[in-house]
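J.: Take a look at the following structure, please.
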Amino acid sequence: MKIERIETIPYSIPYSHPLRFASGEVHAAAHVLVRIHTDEGVTGIADTPPRPYTYGETQASIVSVLQDIFAPQVVGLDPLDREKVQRIMARTVNNPTAKGAVDIALWDIAGKAFGVPVHKLLGGYTDSMRVSHMLGFRPAPELLDEALRFRELYGITTFKLKTGRRPLSLDVEAARVLREGLGEEAEIYLDANRGWSANEALEVLRRTDGLGLSMLEEPCDAAEAMSRRRLVRLSPIPVVGDESVPTPGDVARELLSGGCNAICIKTARSGFTQAKEILGLCTGLGVDVTMGNQIDTQIGSLATVTFGAAHEATQRRAGELSNYLDMADDLIAEPLTIRNGAIRVREAPGVGADIDELKLARYRQDT
Ligand SMILES: [Mg+2]
């Protein structure tokens with residue numbers, strides 16, 4: 001089997017509710033659908049979410065790096081030779097979601113070629129992941145309404161609160177209102193997307209003491225090295241690295257230097273291959289991981305479930321899998337469902353995301 005071509009289709013689907021957070025806001029899923037075609041008719045699928053304000057990637061840059069840099073080097077290779085493709089892509093720095101999409105599409109091809117679901121190929125630990133729901137910037141009473149509605153509708157009991165606002169009292173108040181409204185059983189954690197300084201984050205930890213928050217994600221820029229290490233030393237809860245740790249090398253540097261003591265894994269930016277390397281580092285060092293969301297579509301969320309359910313350490317905590325509910329539509333042929341607070345893996349060969357061609361025709365931007 002040989003890779004015949006890489007298809008890159010930019011498309012845009014509006015959000016019914018825009019998501020706002022410290023490093024940006026999202027009104028439409030302006031992504032790139034990647035399909036890797038082989039000479040044996042097997043096609044691998046992955047969704048690519050550019051996050052311009054985080055990684056500097058755009059729809060145009062993703063299409064360009066895939067078509068102009070990677071395709072000429074990987075067309076003709078055996079799609080099962082994933083390590084060869086990894087080494088080729090590693091010559092070019094950055095471009096994490098473009099590389100992640102190629103890798104996920106190759107795993108999809110491997111699963112389809114062997115007739116096996118990819119969650120089994122990756123590890124096969126369990127068949128579902130609990131869902132954590134992300135709450136963006138909104139007034140505290142609206143956040144609580146949303147959390148209560150999601151608990152009622154989907155059985156979700158874990159909530160990530162987007163924070164990083166000034167004055168700090170806005171986020172402290174939101175955390176307090178959520179805890180009082182949701183009760184002691186709910187898991188609540190914070191993600192500041194670098195919105196604070198390390199010392200402001202320490203102040204928030206002091207002022208939310210007693211609320212039972214479980215984690216604090218990317219409180220400040222990791223480059224604020226000295227204060228951030230002090231924060232990690234003094235924090236009573238794990239400090240999670242996210243956008244500071246997109247690669248295994250970044251994970252090693254931040255963990256070893258004390259810049260964080262838990263790691264967010266995102267399949268959209270790591271693919272399955274690098275996500276496995278990151279997971280191995282973390283389990284070897286005894287560090288907690290979370291499965292994060294790069295504001296993924298259902299195709300992207302299914303990739304996260306596929307990886308997260310495959311390993312013991314990644315399914316321990318609820319994964320961030322519900323952002324797609326804010327989208328007006330999706331390209332996936334068979335929609336995901338959240339039941340009893342969890343999403344199941346697919347038992348079809350591959351990752352299991354088939355594309356609705358009529359919807360693709362409606363939302364693609366290149367015709
Ligand atoms: Mg984050």
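J.: Go through (1) under 13 Å from Met129 (Cβ atoms); (2) assigned to a helix (DSSP H, G or I) and name the single condition Ile299 misses.
T.: Of (1) under 13 Å from Met129 (Cβ atoms); (2) assigned to a helix (DSSP H, G or I), only one is false for Ile299: (1).
J.: Continuing with the same structure: All but one of (1) within 16 Å of the ligand (Cβ to nearest atom); (2) surrounded by fewer than 20 Cβ atoms within 10 Å (Cβ to Cβ) hold for Leu211; which doesn't?
T.: Checking Leu211 against (1) within 16 Å of the ligand (Cβ to nearest atom); (2) surrounded by fewer than 20 Cβ atoms within 10 Å (Cβ to Cβ), the one that fails is (1).
J.: Sticking with this structure for a sec: Give Phe159, Phe137 a once-over and let me know the one that is among the aromatic types (Phe, Trp, Tyr), touching a residue at least 40 places away in the same chain (Cβ under 8 Å), within 20 Å of Glu25 (Cβ to Cβ) and within 16 Å of the ligand (Cβ to nearest atom).
T.: Going through Phe159, Phe137 in turn, the sole match is Phe137.
J.: Anything in the range 222-270 that is within 13 Å of the ligand (Cβ to nearest atom) and part of a loop (DSSP other than H, G, I, E, B)? List them, or say none.
T.: Within the range 222-270, Ala222, Asp242, Glu243, Ser244, Val245, Pro246, Cys260, Lys266 meet the criteria.
J.: While we're here: Criterion first (modelled with pLDDT of 95 or more and in a loop (DSSP other than H, G, I, E, B)) does Pro141 satisfy it?
T.: It is false that Pro141 is modelled with pLDDT of 95 or more and in a loop (DSSP other than H, G, I, E, B).
J.: Which residue pairs have Cβ atoms under 7 Å apart, sit 6 or more places apart or on different chains, and have a first residue in the range 271-295 that is farther than 20 Å from Leu321 by Cβ and assigned to a helix (DSSP H, G or I) and a second that is within 15 Å of the ligand (Cβ to nearest atom) and modelled with pLDDT of 95 or more?
T.: Every condition considered, the pairs that remain are Leu281/Val251.
J.: Can you pull out the residues in the range 176-205 that are more than 15 Å from Ser227 (Cβ to Cβ), free of Cβ contacts under 8 Å to residues at least 40 places away in the same chain and away from the ligand (no atom under 16 Å from the Cβ)?
T.: Within the range 176-205, Arg176, Val177, Arg179, Glu180, Gly181, Leu182, Gly183, Glu184, Glu185, Ala186 meet the criteria.
J.: Condition first: buried (at least 16 other Cβ atoms within 10 Å of the Cβ), touching an Asp or Glu at 6+ places or on another chain (Cβ under 6 Å) and not in a helix (DSSP H, G or I). Can you find one or more residues in the range 170-189 that meet it?
T.: no
J.: Residues to consider are Leu256, Leu279; find the one that is out of contact with any Leu (no Cβ under 6 Å at 6 or more places or on another chain), outside the structural domain of Ile13 (by TED's automatic domain parsing), hydrophobic (A, V, I, L, M, F, W, C) and surrounded by fewer than 19 Cβ atoms within 10 Å (Cβ to Cβ).
T.: Residue meeting the stated conditions: Leu256.
The values are calculated or read from the model by the stated rules, or taken from the named source; none is laboratory data. Quantities reported herein were computed from a predicted structural model and do not represent experimental measurements. Don't worry about glycine lacking a Cβ; one is built from the backbone with ideal geometry, like all the others, and counts go over all protein chains shown.
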